[in-house]
Amino acid sequence: MKTKVKCSHMAAVIAAMTLVASQGQADISNGVIKIGVMNDQSGPYADNCGAGSVAAVKLAVDDHGGAINGMPVEVVVADDQNKPDIGVAQALKWIEQEGVDVIVGCSASSIALAVQDVMNTHEKPYLIAGTATSDTTNAKCTPYGTNWAYDTYTLAKGSVMAQLAQGLDEWYFITVDYTFGKQWQEDATKFIEENGGKVVGSILHPLGTNDFSSQLLQAQASGAKVIGIANAGADLANVLKQAREFGIADAGQVLAPLGMQVNNVHGIGLETMQGLVASAPAYWDQSDEARAFSERWSAQMGDRKPNESQTVTYSAVNHYLKAVEATGSDAGPDVMASMRELPVDDVFTQATIREDGVVLRDMLQVQVKTPAESEYPWDYYKVIGTLPAADIWRPLSESECPLVNN
């Protein structure tokens, strides 16, 4: 009799477990968790994200065993070619026809803002890991967009305040001519003027400019103490290399990129970049755990090391998959609620997700080493301080995000 009771009890337990498992599976759309990675794979920003961000996504998937609650995780990739129409068309195709559950974006600002609207309409998470416009979490925030890296506000504040602390209070800007660059210059100007400095002029340039001689000559003629550079990727490399050829730094003017990544330092060289100060969300060499991750990443990417955008791409996808596991569903509203509830905690990021979508993380203040200080490949940064999240991110009291109650 006892044996029968035990068997009956065991059968009930197995049935209950089977029911729970089948319910969990039913909550995963199409029986697969599908992650879309969208960025510039071949143009001026490809080195900032590109294949390296794809590698970071795949490492996050591997760290979850390639599956969540028995459901496989699939990664698909698209090159947005720095064109909003291509980015939007791809996002719509992925969501409406191919069952993509989440997009990890590192696109130009105009693309990111448009894709974020698509994701909001379809109630799907959009993980921004490398796009810098602050509008994604400010005036144009949505419940489904989260920013994992930095924005024009944090990068501008870190760079400007470091220069102002040295008495460098007169600025001239060389700015890329689209939303990202203009927002960056606007944010930097705010910090300069609020702290007693002034902007004496600025000049725009098209994305993908090869010859900066005209812009540099005008910046040089302005007599400004600081030439602020509001661009990124290949544009940043070109303007800094050409500024060195013009002897601008030797003549006493300070070059101040509002943001840079470690791959920019690698491409441009320590001789040109040495001494520059910036804020960074993470650094591949910041800890033993970070170095171990970077070795795994390098196994896929050759003799390179992951930059700031690529390291936090890992954090974004890792946290997304934790949320899917916790909620047992890949439905956008459920996953977003879980992502906001769970603390973000991994090798590169300890943070919470604020109501405006900001991943509220501390930032590192870094300075580019001199050639003599660099001891091994990709040993490019000195971490000279930590910028607390409460100080470096836009305060909610200044937010224009409609999700925020000021």
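Do the conditions hold for residue 209, that is, is it without any contact (Cβ under 8 Å) to a residue 40 or more places away in the chain, surrounded by 18 or more Cβ atoms within 10 Å (Cβ to Cβ) and not in a helix (DSSP H, G or I)?
Values: without any contact (Cβ under 8 Å) to a residue 40 or more places away in the chain: yes; surrounded by 18 or more Cβ atoms within 10 Å (Cβ to Cβ): yes; not in a helix (DSSP H, G or I): yes.
So residue 209 fits the description; yes.
Sort out which residues of the range 297-313 are within 11 Å of residue 284 (Cβ to Cβ) and out of contact with any strand residue (DSSP E or B) (no Cβ under 8 Å at 6 or more places or on another chain), and write them in order of number. Give the derivation first.
Start the filter on the range 297-313 by keeping residues that are within 11 Å of residue 284 (Cβ to Cβ), which leaves 297-298, 304-308, 310-311.
Of everything in the range 297-313, those that are within 11 Å of residue 284 (Cβ to Cβ) and out of contact with any strand residue (DSSP E or B) (no Cβ under 8 Å at 6 or more places or on another chain) turn out to be 297, 298, 304, 305, 306, 307, 310, 311.
Per-residue answers, yes or no, for (1) free of Cβ contacts under 8 Å to residues at least 40 places away in the same chain; (2) among the hydroxyl-bearing types (Ser, Thr, Tyr); (3) open to solvent by 40 Å² or more (accessible area, probe 1.4 Å):
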site: 222; (1), (2), (3): no, yes, yes
site: 228; (1), (2), (3): no, no, no
site: 232; (1), (2), (3): no, no, no
site: 239; (1), (2), (3): no, no, no
site: 244; (1), (2), (3): yes, no, yes
site: 253; (1), (2), (3): yes, no, no
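Every residue, every condition in (1) more than 26 Å from residue 385 (Cβ to Cβ); (2) within 22 Å of the chain's Cα centre (by Cα), yes or no:
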| site | (1), (2) |
| --- | --- |
| 204 | yes, no |
| 217 | yes, no |
| 226 | no, no |
| 231 | no, yes |
| 235 | yes, yes |
| 242 | yes, no |
| 270 | no, no |
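Do we find a residue being at pLDDT 95 or above, assigned to a helix (DSSP H, G or I), open to solvent by less than 20 Å² (accessible area, probe 1.4 Å) and farther than 27 Å from residue 334 by Cβ anywhere in the range 54-73?
Yes, some residue in the range 54-73 is at pLDDT 95 or above, assigned to a helix (DSSP H, G or I), open to solvent by less than 20 Å² (accessible area, probe 1.4 Å) and farther than 27 Å from residue 334 by Cβ.
Check 157, 140 and return the single one that is surrounded by fewer than 24 Cβ atoms within 10 Å (Cβ to Cβ), at pLDDT 95 or above and more than 19 Å from residue 49 (Cα to Cα).
Values: 157 fails: at pLDDT 95 or above.
Being surrounded by fewer than 24 Cβ atoms within 10 Å (Cβ to Cβ), at pLDDT 95 or above and more than 19 Å from residue 49 (Cα to Cα) holds for just one of 157, 140, which is 140.
Output the number of residues of the range 105-135 satisfying the condition of being over 19 Å from residue 280 (Cβ atoms), open to solvent by less than 10 Å² (accessible area, probe 1.4 Å) and either part of a helix (DSSP H, G or I) or without any contact (Cβ under 8 Å) to a residue 24 or more places away in the chain (or both).
Of the residues in the range 105-135, 6 are over 19 Å from residue 280 (Cβ atoms), open to solvent by less than 10 Å² (accessible area, probe 1.4 Å) and either part of a helix (DSSP H, G or I) or without any contact (Cβ under 8 Å) to a residue 24 or more places away in the chain (or both).
Does residue 100 fit the bill of being at pLDDT 95 or above, in a loop (DSSP other than H, G, I, E, B) and over 18 Å from the mean Cα position of the chain (by Cα)?
On the way: at pLDDT 95 or above: yes; in a loop (DSSP other than H, G, I, E, B): yes; over 18 Å from the mean Cα position of the chain (by Cα): yes.
It is true that residue 100 is at pLDDT 95 or above, in a loop (DSSP other than H, G, I, E, B) and over 18 Å from the mean Cα position of the chain (by Cα).
Whether any residue in the range 316-326 is outside any loop (DSSP other than H, G, I, E, B), open to solvent by 10 Å² or more (accessible area, probe 1.4 Å) and of a type in the set (S, T, N, Q) is what I want to check. Steps first, answer last, please.
The first filter runs over the range 316-326 and keeps only residues outside any loop (DSSP other than H, G, I, E, B), leaving 316-326.
After this cut, where a residue has to be open to solvent by 10 Å² or more (accessible area, probe 1.4 Å) as well, the list is 318, 322, 325-326.
Still in the list and also of a type in the set (S, T, N, Q): 318.
Scanning the range 316-326, I find at least one residue that is outside any loop (DSSP other than H, G, I, E, B), open to solvent by 10 Å² or more (accessible area, probe 1.4 Å) and of a type in the set (S, T, N, Q), so the answer is yes.
Among the residues of the range 175-200, how many are of a type in the set (Gly, Ala, Ser) and either in a loop (DSSP other than H, G, I, E, B) or open to solvent by 20 Å² or more (accessible area, probe 1.4 Å) (or both)?
Result for the range 175-200: 2.
Which one is nearest to residue 122 (Cα to Cα) among residues in the range 337-347 that are open to solvent by 10 Å² or more (accessible area, probe 1.4 Å), in contact (Cβ under 8 Å) with a residue 12 or more places away in the chain and of a type in the set (A, V, I, L, M, F, W, C)?
Result: 342.
What's the total number of residues in the range 85-96 that are in contact with a helix residue (DSSP H, G or I) (Cβ under 7 Å, 6 or more places away or on another chain) and surrounded by fewer than 20 Cβ atoms within 10 Å (Cβ to Cβ)?
Going through the range 85-96 one residue at a time, the tally reaches 2.
Just to check your reading of the model, which residue among 398, 375 is open to solvent by 70 Å² or more (accessible area, probe 1.4 Å) and over 23 Å from residue 153 (Cβ atoms)?
Values: 398 fails: over 23 Å from residue 153 (Cβ atoms).
That would be 375, the only listed residue that is open to solvent by 70 Å² or more (accessible area, probe 1.4 Å) and over 23 Å from residue 153 (Cβ atoms).
Where residues in the range 255-297 are within 20 Å of residue 56 (Cα to Cα), part of a helix (DSSP H, G or I) and open to solvent by 30 Å² or more (accessible area, probe 1.4 Å), which of them is modelled with the lowest pLDDT?
266
The values are calculated or read from the model by the stated rules, or taken from the named source; none is laboratory data. Just so it is clear, the model here is predicted, and its values are computed rather than measured. Because the Cβ atoms are built from the backbone with ideal geometry, glycine has one as well, and the counts that use them run over all protein chains shown. Side chains are part of the model used for accessible areas, which takes the heavy atoms of the whole protein and leaves out ligands, DNA and RNA. Shrake-Rupley method; radii C 1.70, N 1.55, O 1.52, S 1.80 Å.
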